[in-house]
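The next block holds one structure in the form of structure tokens; read it before the comments.
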Amino acid sequence: MAPITLYGSPFSLFTGRARSYLIKAKIDYREEPHASSHFYKTVLPKAGGRRGIPTIEFANGDVIRDGVAIIDHFEKLNGHKFSPSSPKQKIVSRLLDVIGAEGLLRPCMHYRFNHDVDEGDFLPFHFGTIYNENTPRGIVSDAKERMAGIREFVLPAWGVTPDTHDLIETFHLETLRVLNEHFAEYPYFLGGKPCIGDFGMMAPLYGHLGRDPKPLSLMTRHAVRLFRWVERMNRPEPDIGEFKNRQESYMEGDLIPSTLKSVLKHLAKDFIPESRAACGQINLWLDENKHLPSGTEVQRSVGSCDFEVLGTMIKAEAQPFRFYLLKRMQDEFEALESQDQKLVKSMLEDTGMTELLDMKLSRSIGRDNNLEVWV
Ligand SMILES: N[C@@H](CCC(=O)N[C@@H](CS)C(=O)NCC(=O)O)C(=O)O
């Protein structure tokens, strides 16, 4: 079979998740920048007109836009190889996916734009490659101008302002610590092979936090076992040589080990207050926008919300996509037998995550023509 084309970029957060999946699933692909006339003329119209990476193109010309849809596609084809089937692990896999892909963007944006922006050509080079068709002043100076714009206008949308810098950094160091402790014991989140949640967590932990100069130096200094997980996730073999247990399977007995519970407990301190506030804001917006015809494209954000994390107030945009992913966890939970639901609930209680089961949008999100749409 001819290789598929992965439109992406080495420093892109969401490409990191899809790429890791393709590597682990041993799917032949070639990665290319999306700044090309072929992408704009041929791929973009089939991607619902929404420019974004990752997007993949098959040899027959079919296109899938969005990392979630790409992974869904291959999971279906390969018999859900990376989807655990026992109740607690199933839920934790979905939970890590949404936290990774949508809930850890503040440190990603902070370190990239408040620490690394003046670190030589590292970032301007990468930005240049995603916009390289229109660079009247040359790739590097054009990229620098774009990056200054992102710093000024995009960072606040994620809640990254001078008032929140200290919190973001302290929180991130604790994230490194708890993840490092987990990966000192286990090669992947759920044992000897990656689950969907591992791929979700690769989004922030590779492209930004495990690759940009400053956060990479923090990771190598404070969290070598986490660094090894990042490496491992980008290799086709299991890469678990330093572990005694070389079984390539999820932990037995539907175990969620205490090291993973500590990770979830820590992440809940940021993820829960933001999700609660965002859910309220999006539902308010949906109430005010009842007239939207079914099939309307879902915007990245619909207003902003305020919440408190460990004593610091944060204002960030409320993003429906978080709830598109969270619903997958809720759906899995609702499909469980009531005995299993009890086990899952008690595990979620231990980690401070129970509230997530009830955080629902009043209108659901589907997909049409490669776009997320209001149903
Ligand atoms: N929900 C999408 C988000 C993809 C996304 O926002 N990607 C960013 C880069 S990491 C992007 O494409 N930005 C606009 C661009 O580069 O054209 C996914 O999971 O794939």
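Every number here is computed from the coordinates shown, using simple stated rules; none is lab data. Because the structure is predicted, anything quoted here is derived from the model rather than measured. As a convention, Cβ positions derive from the backbone with ideal geometry for all residues, glycine included, and neighbour counts pool all protein chains shown.
Each label point was placed 7 Å from the Cα along the Cα-to-Cβ direction; for Phe243 and Phe153 their separation is 4.5 nm.
Considering only Met329, Phe74, Ala318, and ranking their Cα positions along the charge dipole of the chain that arises from unit charges at the beta-carbon of Lys, Arg, Asp and Glu, the one farthest toward the positive end is Phe74.
Here the scattering of segment 61-113 is modelled by Debye summation over its C-alpha atoms, one equal scatterer each and no solvent; at q = 0.15, 0.23, 0.31 Å⁻¹ the log10 of I(q)/I(0) is -0.59, -0.95, -1.16.
What helices in the chain pass both tests, a Cα length along the helix axis of 27 Å or more and a mean Kyte hydropathy of -0.5 or higher, using whole DSSP H runs? Before the final figure, lay out the partial values.
On the way: long enough: 165-185 (31 Å, -0.25); 258-288 (43 Å, -0.11).
Helix filter hits for the chain: 165-185, 258-288.
With each pseudo-label sitting 7 Å past Cα toward Cβ, what's the Ser294-Glu355 distance in nm, one decimal? Here the modelled spin labels are 3.3 nm apart.
Within segment 302-375, the GluC sites (Glu not before Pro) that combine a DSSP coil assignment with at most 11 other C-beta atoms in a 10 angstrom radius are Glu337.
Counting Lys +1, Arg +1, Asp -1, Glu -1, what net charge surrounds Asn370 among other residues with beta carbon under 14 Å of its beta carbon? Mind showing how you got there, number by number?
Values: positive: Lys46, Arg50, Arg51, Arg65, Arg367; negative: Glu57, Asp62, Asp66, Asp72, Glu297, Asp368, Glu372.
Within the 14 Å Cβ shell, the charges total -2.
Calculate, in nm to one decimal, what Ser37 and Arg50 gain on full extension: separation in residues at 0.36 nm each, minus their alpha carbon distance. Don't skip to the answer; put the middle values down first.
Values: separation 13, 0.36 × 13 = 4.68 nm, distance 1.50 nm.
Between Ser37 and Arg50, full extension yields 3.2 nm more.
Taking a point 7 Å from the Cα of Asp287 along the Cα-to-Cβ direction, the residues of segment 314-333 with backbone N closer than 19 Å to it are 318-320. Ordered from longest to shortest, the equivalent ellipsoid semi-axes for the chain are 29, 25, 24 Å, each the square root of 5 times a Cα gyration tensor eigenvalue.
Would you kindly state how much longer the chain becomes between Asp118 and Ile23 on full extension, computed as 0.36 nm times their sequence separation minus their alpha carbon distance, in nm to one decimal?
Roughly 31.0 nm would be gained on extension.
Within segment 306-352, all pairs of alpha-carbon atoms sorted by distance into 10 Å bins from zero give the percentages 21, 34, 33, 13. Length gained on full extension, His222 to Tyr131: 29.3 nm, using 0.36 nm per residue less the C-alpha separation. Helical runs (DSSP H, four residues minimum) scored at -39500 (n - 2.57) apiece and divided by the length of the chain put the mean residue ellipticity at 222 nm at -15000 deg cm²/dmol.
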